[in-house]
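Input: a single structure, listed below in structure tokens.
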Amino acid sequence: MAHDREVLRMIWEAQIAICFQADSEEIVGLQQPENFYLMVSRLSYLPLVTDKVKKYFSRYISHEQQDGNIWFDYNGIPLKLHYPLGVLYDQMHPEEDSVPWCLTIHFSKFPEDVLVKISSRELLESHFMSCLKEADVLKHRGQIISSMQKKDHNQLWQGLTNDKFDQFWAINRRLMEPSGDQETFKCIPIRFYSDEDVYIQKLIPPLNKNGQKKTIGEMMVELSTPHKKIVEVRTHGIGIHEEANLQWLSEHLSYPDNFLHIFLVYES
């Protein structure tokens, strides 16, 4: 299981400074609201901060907009509400010196053709638990998550939403332990991102052909093609050393949904 508690804590405590601004076309009256600033966990989701942001801007919008589906964009690009914030931030590639990250909040004209509606915390929780179950199928054939009680599922979700590290990891550590006398998971849950606006998944075993723990470098070679060579792998905004093994990364650098969200940088 995950042994380096300091690494887990550092990943948990990483935050993004966000500046929320209103769409001027949606504001009622002549007075434009000042921007709203928050420090938000990289591991969180936009729907979990919606209430705070909506409350701040509520007196500047119409009554009809109060009940609309809220969404956000960055430089005109709608942001997927079911992606972890850290994934969105890394995917958008904001300039390193661009602090805070400026997002626009919208109260109308929800872009249904490009976004999945997450209109409540309950829907987000359902999506989160689906990801956990999918990850556990890859790691333990689904045996761990199915053996947990409803209160364990609730504790995972409450630990994440309330930013309680110990509460979350008291349960999540069970998902990070290889089954039986094995030293690795069955497969490593990974979602890969590149320049495209979607992720891809592949079955990634934790061991190489020699039965040793597979490294990031070995995975890069496997995923590269003659026309697209991978030169760097990034997650949580940091480059990962080629000698790092996938099992350790899965145990320590996975997001709370138990997936490694990996960005592939190709040779230009």
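The values are calculated or read from the model by the stated rules, or taken from the named source; none is laboratory data. Bear in mind that the values here come from a model prediction, so they are computed numbers and not experimental data. Glycine also receives a Cβ, built like all others from the backbone with ideal geometry; neighbour counts cover every protein chain displayed.
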- Note on the structure: Within the stretch 15-34, residues being out of contact with any His (no Cβ under 6 Å at 6 or more places or on another chain) and surrounded by 14 or more Cβ atoms within 10 Å (Cβ to Cβ) number 10
- Message: Checking Gln91 against (1) crowded, with 16+ Cβ neighbours inside 10 Å; (2) at pLDDT 95 or above; (3) polar (S, T, N, Q), only one condition comes out false. Which one?
- Response: (2)
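Return yes or no: is Glu251 part of a helix (DSSP H, G or I) and either over 21 Å from the mean Cα position of the chain (by Cα) or closer than 25 Å to Ser126 by Cα (or both)? Break it down into steps so the answer makes sense when it comes.
Numbers: part of a helix (DSSP H, G or I): yes; either over 21 Å from the mean Cα position of the chain (by Cα) or closer than 25 Å to Ser126 by Cα (or both): yes.
Considered against the rule, which asks whether it is part of a helix (DSSP H, G or I) and either over 21 Å from the mean Cα position of the chain (by Cα) or closer than 25 Å to Ser126 by Cα (or both), Glu251 comes out as yes.
Residue by residue, here is whether (1) under 19 Å from Ser41 (Cα atoms); (2) not polar (S, T, N, Q) holds:
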{"residue": "His93", "(1), (2)": "yes, yes"}
{"residue": "Ser108", "(1), (2)": "no, no"}
{"residue": "Val116", "(1), (2)": "no, yes"}
{"residue": "His127", "(1), (2)": "yes, yes"}
{"residue": "Asp136", "(1), (2)": "no, yes"}
{"residue": "Arg141", "(1), (2)": "no, yes"}
{"residue": "Ile144", "(1), (2)": "no, yes"}
{"residue": "Gly159", "(1), (2)": "yes, yes"}
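Does the stretch 87-101 contain at least one residue that is of a type outside the set (S, T, N, Q) and either assigned by TED's automatic domain parsing to the domain that holds Trp169 or at positive phi (or both)? Quick ask: steps written out before the conclusion?
Pass one, the stretch 87-101, residues of a type outside the set (S, T, N, Q): 87-90, 92-97, 99-101.
Adding the requirement that they be either assigned by TED's automatic domain parsing to the domain that holds Trp169 or at positive phi (or both) leaves 93.
Within the stretch 87-101, one or more residues are of a type outside the set (S, T, N, Q) and either assigned by TED's automatic domain parsing to the domain that holds Trp169 or at positive phi (or both).
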- Here are Ser98, Ser130, Ser126, Ser146: which of them is of a type in the set (S, T, N, Q), surrounded by fewer than 16 Cβ atoms within 10 Å (Cβ to Cβ) and assigned to a loop (DSSP other than H, G, I, E, B)? Ser98
- Query: Could you say whether any residue in the stretch 184-198 is closer than 23 Å to Glu6 by Cα, in a helix (DSSP H, G or I) and among the aromatic types (Phe, Trp, Tyr)?
  - Reply: no
